[in-house]
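One structure below.
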Amino acid sequence: MRILYLTQWFDPEPGVIKGPRFVQALIAAGHEVTVVTGFPNYPSGKIYPGYRQRPIARETIEGIPVVRLPLYPSHDASSFRRALNFLSFFASALMYCLFRRQRFDLAYVYHPPITVGLAATLAGLIRRLPFVLDVQDLWPDTIAATGMTGAARLVGPLGRLCSFVYRRAQSIIVQAEGMRGALIARGVPPAKIATIRNWAEAEWLAPQNTHVPATEKSRPTRIVYGGNLGRAQALETVIDAAALLERRGSDVDIFLYGEGLDATDLRARAERAGLSRLHFRDRISQQEIVPVFLDADALLMHLRDDPLFRITIPSKTQFYLALGRPIIAAIGGEAADLLRQSDAALVVAPGNPTALADAIERFSRLDPSHRLAMGDAGRAYYGRAFAFTQGIDRTLEVLAGTHRVGP
C-alpha cells in the first residue's frame with residue numbers, strides 16, 4: 001500500500017512513540033510510506049536550528065521521505081497560542097491532502113492533536129482516502145488535565161470534534177484498554193477499536209542480554225526521574241517527599257532531568273524547602289539519558305491523580321521497564337496494575353508525599369540482589385507485553401483490514 005503518515009510531530013522532536021523505526025518497519029513489510037509533518041519545534045516552541053519555515057520542504061530521514069509543512073511554533077500554557085499551533089498545522093495539512101499530486105491508498109493519522117485527524121477527515125471526504133486514527137492521548141480529557149489557561153472553555157467543542165473524527169475513521173488504534181473502554185462509552189463501535197500497546201526506544205538504546213551490576217551499598221541510593229516537568233506530572237509531590245526524606249536523614253539522592261511549564265515553580269519550591277539532596281538537571285537526549293538511567297538505583301514516576309491517567313499508560317512505563325531498572329511509581333489505574341504485575345516496581349497512590357517517601361526509603365533498604373531481580377523482572381515483562389515486533393504485527397493487521405473496507 002501507499003501510506004500517508006500524517007503527524008504534527010516527528011523526528012528530531014522527542015517523545016514521538018511512532019517515529020522512524022515504526023515507519024521503517026512498515027516499509028520493510030512492503031508498504032510505501034511518506035511522512036507529512038510540521039517543522040520541528042517541540043518542546044521549546046522554537047523552530048529547531050537548521051530548519052527554516054517554508055510553504056513546503058522535503059527531506060529524507062533514515063531513508064524515509066518526509067514532507068515538512070509550516071505551522072505556528074508554540075508550546076506554553078497559553079490556550080490561544082497552543083490553538084494557533086494546532087490550527088496552523090491543520091490548515092497546512094488540509095491543503096496538502098487536498099491538493100497533493102501523489103496518490104495514497106491509506107492515511108495513518110497520529111493523534112494528538114485531534115486537528116490532524118480533522119484534516120484527514122475533511123480531505124478524505126473529497127479525496128476518498130480512508131484513514132486509521134492512532135489515539136495516543138484522549139481528548140478533550142488531556143487538554144483539561146494539563147491545566148492550560150482557558151482549557152475549560154475548549155472541552156465541549158473539542159469533544160464534539162473528536163466524535164466527528166471518530167465516526168469518519170475506518171479504524172482506531174488506542175494504547176490502553178482503559179482508553180478503549182472510554183471510546184466505547186462515547187459511542188464508538190467496539191469492532192472499530194484495536195488496542196496496541198506502545199513500545200519504547202529503550203528497546204534499542206539500552207544494552208541487551210547484559211546484567212546491570214548490582215549497586216554497591218557504599219554510595220547513597222540514587223533515584224532518577226527523566227521527562228516533562230509539567231502540570232500532568234505534579235512533581236511538587238516529589239519535592240515534598242524529598243523534604244520528608246531529608247528530615248528523616250535518609251541516605252537518598254533524587255535527580256530530576258527535564259524541562260516544562262512547572263520547572264521554575266518546582267525549583268523555587270525546592271529552594272524554599274532548603275533541599276540539598278534533590279538535584280535538577282536540564283533535559284538531555286534519549287541517547288544521553290539512558291546511561292544516567294542505567295546508573296540509577298531506581299527510576300521514578302509520578303502522575304497527577306486524574307481520571308484520565310487511570311485509563312492511560314504513560315510512555316515512561318515501557319521505557320523504564322525496557323531498561324531493566326527497578327521503578328518507584330506514584331500513579332494509579334491501568335499503568336499501576338501493569339507495574340505491579342511486572343514485579344519490577346514499588347507502587348503507591350499519586351499525590352501523597354508521605355507514601356512516596358516511605359516507598360523510596362523502603363527501596364533504599366533493599367539489598368543489591370533484590371534490586372537486580374526487580375530490574376530483570378521488568379525487562380522480561382516488557383518483552384512479554386510491549387515488544388516492538390508484537391506491536392508492528394498487530395498494526396499491519398489493522399492496516400490490511402482498514403484498506404479492505406476503505407473506499
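Go through the stretch 167-206 and report how many residues are assigned to a loop (DSSP other than H, G, I, E, B) and among the acidic types (Asp, Glu).
Going through the stretch 167-206 one residue at a time, the tally reaches 1.
Considering only the stretch 248-268, state which residues are part of a helix (DSSP H, G or I) and not hydroxyl-bearing (Ser, Thr, Tyr).
ARG248, ALA263, ASP265, LEU266, ARG267, ALA268
For the stretch 310-330, how many residues are farther than 21 Å from GLU201 by Cα, out of contact with any strand residue (DSSP E or B) (no Cβ under 6 Å at 6 or more places or on another chain) and either buried (at least 24 other Cβ atoms within 10 Å of the Cβ) or hydrophobic (A, V, I, L, M, F, W, C) (or both)?
Of the residues in that region, 1 qualify.
Could you please give the count of residues in the stretch 280-299 that are assigned to a helix (DSSP H, G or I) and not charged (D, E, K, R)?
8
For the stretch 358-407, how many residues are in a helix (DSSP H, G or I), under 20 Å from the mean Cα position of the chain (by Cα) and aromatic (Phe, Trp, Tyr)?
3
Out of all the residues in the stretch 59-111, which are within 26 Å of the chain's Cα centre (by Cα), outside any helix (DSSP H, G or I) and basic (Lys, Arg)?
Of everything in the stretch 59-111, just one residue is within 26 Å of the chain's Cα centre (by Cα), outside any helix (DSSP H, G or I) and basic (Lys, Arg), namely ARG68.
Looking only at the stretch 300-316, which residues are part of a loop (DSSP other than H, G, I, E, B) and closer than 19 Å to ILE239 by Cα?
Once the filter is applied, which keeps residues that are part of a loop (DSSP other than H, G, I, E, B) and closer than 19 Å to ILE239 by Cα, the stretch 300-316 yields LEU303, ARG304, ASP305.
Yes or no: the stretch 18-35 includes at least one residue that is without any contact (Cβ under 8 Å) to a residue 60 or more places away in the chain, under 21 Å from the mean Cα position of the chain (by Cα) and in a strand (DSSP E or B).
Checked against the condition, which is being without any contact (Cβ under 8 Å) to a residue 60 or more places away in the chain, under 21 Å from the mean Cα position of the chain (by Cα) and in a strand (DSSP E or B), the stretch 18-35 yields at least one hit.
How many residues does the stretch 260-294 contain that are more than 16 Å from TYR320 (Cα to Cα), modelled with pLDDT under 95 and surrounded by 18 or more Cβ atoms within 10 Å (Cβ to Cβ)?
Here the count works out to 5.
I want to confirm something. Restricting to the stretch 358-371 and keeping residues that are in contact with a Ser or Thr (Cβ under 8 Å, 6 or more places away or on another chain) and not basic (Lys, Arg), which single residue is surrounded by the fewest Cβ atoms within 10 Å (Cβ to Cβ)?
PRO368
Pairs needed: first member in the stretch 92-121, closer than 20 Å to VAL16 by Cα; second member anywhere, at pLDDT below 95 and among the aromatic types (Phe, Trp, Tyr); C-beta distance under 7 Å; at least 6 residues apart or different chains.
What qualifies is PRO112/TRP139; PRO113/PHE86; ILE114/TRP139; THR115/PHE86.
Counting only residues that are buried (at least 17 other Cβ atoms within 10 Å of the Cβ) and in contact (Cβ under 8 Å) with a residue 24 or more places away in the chain, how many does the stretch 71-80 have?
The number of residues fulfilling the criteria is 4.
The values are calculated or read from the model by the stated rules, or taken from the named source; none is laboratory data. Please read these numbers as outputs of a predicted model, since none were measured by experiment. As a convention, Cβ positions derive from the backbone with ideal geometry for all residues, glycine included, and neighbour counts pool all protein chains shown.
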